[in-house]
Number of protein chains: 2
Amino acid sequence: MCEASVYLLKDDKEELFLDSVDILEPQEGGKIYMRNLAGEQKTLTARIKRIRLVEHKIVLEKTGD
Amino acid sequence: MCEASVYLLKDDKEELFLDSVDILEPQEGGKIYMRNLAGEQKTLTARIKRIRLVEHKIVLEKTGD
C-alpha cells in the first residue's frame with residue numbers, strides 16, 4: 001500500500017503525528033485534514049514542508065494551536 | 001514504488017501535470033516544486049487541493065501564472 005507517515009517538525013526534529021495516512025487535504029484557515037487507513041482522522045493548523053513519497057513521508061510544520 | 005501522479009484542476013477536471021512524482025515541496029511565494037522518479041522537475045504557482053496516496057494521486061489548483 002502507498003500510504004505515508006505524517007511527521008510534525010519540532011525544533012528541527014520530525015515527530016510522528018499519524019501513520020498510514022491515505023488522505024490529506026488542506027482546508028480553509030490554514031488547517032490540514034488527514035485520514036489514515038484505519039479511519040483515524042486528525043486536523044491541525046499547519047503547512048506542508050515536504051513530501052517524500054518513496055520514503056512514505058510527509059512533513060508538516062505547525063503554524064497555529 | 002509509492003510515487004503519485006500530479007494533476008491540475010482545470011474547469012473541475014483533473015489534467016495530468018507530472019507522473020511518477022516522488023518529491024513535492026511548497027516554496028516561498030505560493031510555488032510548489034516537484035520532482036519525479038525520472039528526475040524531471042517542475043515548479044508552478046498553485047495550492048494543494050487533495051492528496052490520495054492509495055490512489056497515487058495529488059491534485060493541485062493553479063493560483064497564478
Would you confirm, using the coordinates I've provided, whether B:Tyr7 is within 11 Å of chain A (Cβ to nearest Cβ), of a type in the set (Phe, Trp, Tyr) and not in a loop (DSSP other than H, G, I, E, B)?
no
Qualifying residue in segment B:15-28 (condition: open to solvent by 40 Å² or more (accessible area, probe 1.4 Å), more than 7 Å from chain A (Cβ to nearest Cβ) and in a helix (DSSP H, G or I)):
yes
Among (1) outside any strand (DSSP E or B); (2) under 22 Å from B:Asn36 (Cβ atoms), where does A:Asp65 come up short?
(2)
Output for segment B:36-65, where each listed residue is under 26 Å from A:Gly29 (Cα atoms), among the polar types (S, T, N, Q) and at pLDDT 95 or above
B:Thr43, B:Thr45
Considering only residues that are part of a strand (DSSP E or B), within 14 Å of another protein chain (Cβ to nearest Cβ) and open to solvent by 70 Å² or more (accessible area, probe 1.4 Å), which ones fall in segment B:29-42?
B:Lys31, B:Arg35
Pairs needed: first member in segment B:20-48, closer than 15 Å to B:Glu61 by Cα; second member anywhere, assigned to a loop (DSSP other than H, G, I, E, B) and open to solvent by less than 40 Å² (accessible area, probe 1.4 Å); C-beta distance under 6 Å; at least 6 residues apart or different chains.
B:Thr45/B:Gly64
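The values are calculated or read from the model by the stated rules, or taken from the named source; none is laboratory data. For clarity, every value in this text was computed on a predicted model and none was experimentally measured. All Cβ positions, even for glycine, are placed from backbone atoms using ideal geometry, and neighbour counts span all protein chains on display. All accessible areas refer to the heavy atoms of the entire protein, side chains included, with ligands and DNA or RNA removed. Shrake-Rupley method; radii C 1.70, N 1.55, O 1.52, S 1.80 Å.
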